[in-house]
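Visitor: Just dropping this structure here.
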Amino acid sequence: MTTTAPGWGILGAGGIAGSFARDLATGGHRIAAVGSRDAERARSFAERHSIPAAHAGYRALVDDPEVDIVYVATPHSHHLEHALLAIDAGKHVLVEKAFTTTGDDAQRLVDAARTKGVFAMEAMWTRFLPTMVAARERVAAGDLGEVVSVVADHSQMLDLSPGSRLIEAALGGGALLDLGVYCVSLAHAFLGPIERIQAAGVVDAAGVDHRGAAILEHASGGISSVTFSMETLGSNRAVIAGTEGVIELEPAFYAWTGFRRRHASAHGTAAETFAAELVGRGMQFQAAEVERCIAEGRLESELMPLDESVAIMRAMDEIAARMR
Ligand SMILES: NC(=O)c1ccc[n+]([C@@H]2O[C@H](COP(=O)([O-])OP(=O)(O)OC[C@H]3O[C@@H](n4cnc5c(N)ncnc54)[C@H](OP(=O)(O)O)[C@@H]3O)[C@@H](O)[C@H]2O)c1
């Protein structure tokens, strides 16, 4: 018996949607349709990525019977609305990071998916990369001892010229939602729930943060320190430090990269070099996770659980408040 791969529907034909479509092509996934607010943009996106159906408008996309999973690739401000549109149509959802703009909205999204009985996940693609799989394995094997600290920077010099969604408050612009979320998510993944937060940032007259830093105290006793900027280049490194060893994720830590693991003692003797073997950009691994969960009848991923996405958004709420 042959089974057809689930059909992906791409909601929003913007920048990251194109990267996602290219990466899915590397992994044998099936993109059934794309939907754009603009019919011509949908058509040209579909042509570029050999997608069989192009819809004018998002309603037509989520109603397409060939679409099983909707990938929400719109600005942060619209993630909740577009995820709810898909969920109401009975479709599974993979929602770009940051999951929503607030913790309350994240909870609303999660409640809707659970009520409807569909799969939902934040598209925190970093978690599913081979690098992170290996890092988690080293931690689980005790190679780092007890993990006590995470330090992460995500700083890029982005295009902030007029019209960019990044500087539009109404579109959920700002460095924290776009870039800082990777650092907070990494810290949460390796140190667990966050109890206390200190933060500072530079916020423009429109209320959009351009750069910032936060210190997070975790219930485990761990401490993380995160920096993010959308107007300067930074190290883009991350360090996961334990009592017996350390993993240094090479730049850009949030993407498909390599790491060096060192022993904590003896001036950090190198224990391992993990190299990345790139196939595409790496967004296909999160898609494979979504398909695996759905095939197994799961409504969420244990690697990116829904309650954790909500908790991360609540931490982001507090960082945002303290930056102002
Ligand atoms: N995973 C990653 O590596 C990565 C990288 C970059 C961005 N992202 C995330 O992906 C999301 C989209 O970012 P992007 O860089 O792809 O943005 P983008 O290039 O501006 O594309 C966003 C798309 O959303 C749609 N849209 C719907 N309502 C809109 C509105 N009111 N204003 C503007 N666009 C609207 C548009 O598509 P149509 O007009 O075709 O409908 C637009 O092309 C964000 O959540 C961002 O954080 C993830």
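Visitor: From the backbone phi of region 304-314, what are the Karplus-calculated ³J(HN,Hα) couplings (6.51 cos²θ - 1.76 cosθ + 1.60, θ = phi - 60°) in whole Hz, Gly and Pro given as x?
Guide: Result, rounded to whole Hz: 9, x, 5, 5, 6, 4, 5, 4, 5, 5, 5.
Visitor: Of all accessible surface on the chain at a 1.4 Å probe, what whole percent is carbon and sulfur?
Guide: Percent of accessible area from carbon and sulfur atoms in the chain: 53.
Visitor: Can you tell me the 0 to 90 degree angle between the C-alpha axis of helix 284-295 and the longest principal axis of the chain, rounded to 10?
Guide: With rounding to tens, the tilt is 70 degrees.
Visitor: Mind listing the long-range amide H neighbours of Ala276? Cut-off is under 5 Å, sequence gap 5 or more, other chains count too, H placed in the peptide plane at 1.01 Å from N.
Guide: Those lying under 5 Å, H to H, from Ala276 are Gly258.
Visitor: Read phi for every residue in region 62-77 and hand back ³J(HN,Hα) as whole Hz from Karplus 6.51 cos²θ - 1.76 cosθ + 1.60, θ = phi - 60°, with x for Gly and Pro.
Guide: So the Karplus estimates, Gly and Pro as x, are 5, 8, 5, x, 7, 8, 9, 10, 9, 9, 8, 10, 9, x, 3, 4 Hz.
Visitor: Rounded to the nearest 500 deg cm²/dmol, what is the calculated helix-only ellipticity per residue at 222 nm for the chain, with -39500 (n - 2.57) per DSSP H run of length n ≥ 4?
Guide: Values: 9 runs with 104 residues, N = 324.
After summing the helix terms and dividing by the residues of the chain, the value is -10000 deg cm²/dmol.
Visitor: What is the angle, in °, between the Cα long axis of helix 130-140 and the longest principal axis of the Cα atoms in the chain? Nearest 10 is fine, range 0 to 90.
Guide: Helix 130-140 and the main axis of the chain meet at about 50 degrees.
Visitor: Counting heavy atoms of the protein chains only and a 1.4 Å probe, report the per residue accessible area for the chain as a whole number of Å².
Guide: Heavy-atom SASA per residue in the chain reads 41 Å².
Visitor: Report the residues of region 244-267 in range of a label on Leu278: point 7 Å along Cα→C-beta, backbone N strictly under 20 Å from it.
Guide: Counting backbone N atoms under 20 Å from the label point, the list is 248-260.
Visitor: May I ask you to derive the FRET efficiency for Glu217 and Ser164 from their Cβ-Cβ distance with R0 = 30 Å, giving the value to the nearest 0.05?
Guide: After rounding to 0.05, the efficiency reads 0.35.
Visitor: Could I ask something else about it? Say R0 is 25 Å: what FRET efficiency, to the nearest 0.05, do Ile294 and Ala140 get from their beta-carbon distance?
Guide: So the FRET efficiency works out to roughly 0.50.
Visitor: A follow-up question, please. Output the 0 to 90 degree angle, nearest 10, between the alpha-carbon long axis of helix 181-191 and the longest principal axis computed from the alpha carbons of the chain.
Guide: 60
Visitor: Gain in length, Asp204 to Arg30, computed as 0.36 nm per residue apart minus the alpha-carbon separation, to one decimal in nm?
Guide: 58.4 nm
Visitor: Positive end of the charge dipole of the chain (Lys, Arg +1 and Asp, Glu -1 on Cβ, about the Cα centre): tell me which of Phe253, Thr102, Leu84 has its Cα farthest that way.
Guide: The one lying farthest along the dipole's positive direction is Phe253.
Visitor: Between Asp307 and Thr115, what is the label-to-label distance in nm when each label sits 7 Å out along the Cα-to-Cβ direction?
Guide: The modelled label-to-label distance comes out at 2.0 nm.
Visitor: Please turn the phi angles of region 229-235 into ³J(HN,Hα) values with the Karplus equation 6.51 cos²θ - 1.76 cosθ + 1.60 (θ = phi - 60°), one per residue in order, whole Hz, x for glycine and proline.
Guide: 7, 10, 10, 9, 7, x, 6
The values are calculated or read from the model by the stated rules, or taken from the named source; none is laboratory data. Just so we're clear, the structure is a prediction, and the values are computed from it rather than from any experiment. Note that each Cβ is placed from the backbone with ideal geometry, even for glycine, and that neighbours are counted across all protein chains shown. These area figures cover heavy atoms from the full protein model, side chains too; ligands, DNA and RNA do not enter into them. Shrake-Rupley method; radii C 1.70, N 1.55, O 1.52, S 1.80 Å.
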